[in-house]
Amino acid sequence: MKPAQQPATLSEPSVQHSFYALLTGFKQRVDLVVSYLCIAIVAVMTLLVTYQVATRYLLNSPSAVSEVLSRYLFIWLVLIGSAYVFGLREHMAITFMRDRMSRNVRILVEMLGELATTLFALLVLTVGGYIGMSRQMGQLDSALQIPIGVIYAAIPLCGVLTVFYCLYNQYGLARQLSFKQKV
């Protein structure tokens, strides 16, 4: 007779690995959606700017709507794209000092940086952005006739994405710290 198996606890490597695999799969889906959103924004901006140039120089009648909409889409692209690049960990970093640290100290410094970024993204971008967006919902843009808060919605969206990516990165760094360095 086989002894009854104990249920897996969160501290067991197989459960941690499956949670990390699940989290990584979710991150990959978020990455895919965000990357396609950025591609779509660039495509729409390209069409709008081409239309703007054509109406300005060929018809001698520039379109105010295409100019304003492309400007707002550029803001969305920068904010969402910056969160995406942060999630890929391909943002600019000066690593001169960090590269000279031992493995564990380097990981702890990276975790501290991720924590600072998480706090900024949570408090300033997510909470502050939501408050700013909510306050601007009553004001309409003169050219597009949409609430300015819709345009400001990119700020809390960027904050939520950045917080998600920070937490994912923190978990990955904590896993690196808990495992022994392979020789």
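The values are calculated or read from the model by the stated rules, or taken from the named source; none is laboratory data. Being a predicted model, the structure only gives us computed values, none of them experimental. Cβ coordinates were reconstructed from backbone atoms using ideal geometry, including for glycine residues, and neighbour counts include every protein chain displayed. The protein model used for the area step is the full one, side chains on, heavy atoms only, and it has no ligands, DNA or RNA in it. Shrake-Rupley method; radii C 1.70, N 1.55, O 1.52, S 1.80 Å.
Of note:
- For the chain, the relative contact order is 22 percent, taking Cα pairs closer than 8 Å that sit 6 or more residues apart in sequence and dividing their mean separation by the residue count.
- Computed lengthening from Thr24 to Ala64, 0.36 nm per intervening residue step minus Cα-Cα distance: 10.1 nm
- Residues considered: Leu122, Leu167, Leu144. Largest GNM mean-square fluctuation over the chain, using C-alpha springs under 10 Å, is found at Leu144.
- Helix 154-178 vs. the chain, principal-axis angle (Cα, 0 to 90°, nearest 10): 20
- As a calculated quantity, the FRET efficiency between Leu112 and His17 at R0 = 35 Å, using C-beta atoms, amounts to about 0.85.
- GNM top mover of Leu125, Leu48, Leu140 - the chain, alpha-carbon springs below 10 Å: Leu140
- Angle in degrees between helix 103-120 and the longest Cα principal axis of the chain, rounded to the nearest 10: 40
- Using R0 = 35 Å, the C-beta based FRET efficiency linking Ser178 and Ile39 works out to 0.45.
- For percent of Cα pairs over 22 Å apart, computed directly from the structure shown, the correct entry in [x] 61; [y] 55; [z] 47 is [x].
- Average Cα contact separation per residue, the stretch 118-183, under 8 Å, 6 or more apart, as relative contact order %: 36
- Per residue value of the accessible surface for the chain (all protein chains in place, 1.4 Å probe), Å²: 68
- Trypsin sites (Lys or Arg not before Pro) lying in DSSP loop within the stretch 107-183, provided at most 14 other Cβ fall within 10 Å: Lys180, Lys182
- Cα long-axis angle, helix 64-88 against the chain (0 to 90 degrees, to the nearest 10): 10
- Cβ-based charge dipole, the chain, positive-most Cα from Pro156, Phe19, Ile131: Phe19
- Gaussian network model of the chain, Cα within-10 Å springs - most flexible of Leu73, Leu32, Leu157: Leu32
- Apolar share of the accessible surface for the chain: 69 percent from carbon plus sulfur atoms, 1.4 Å probe.
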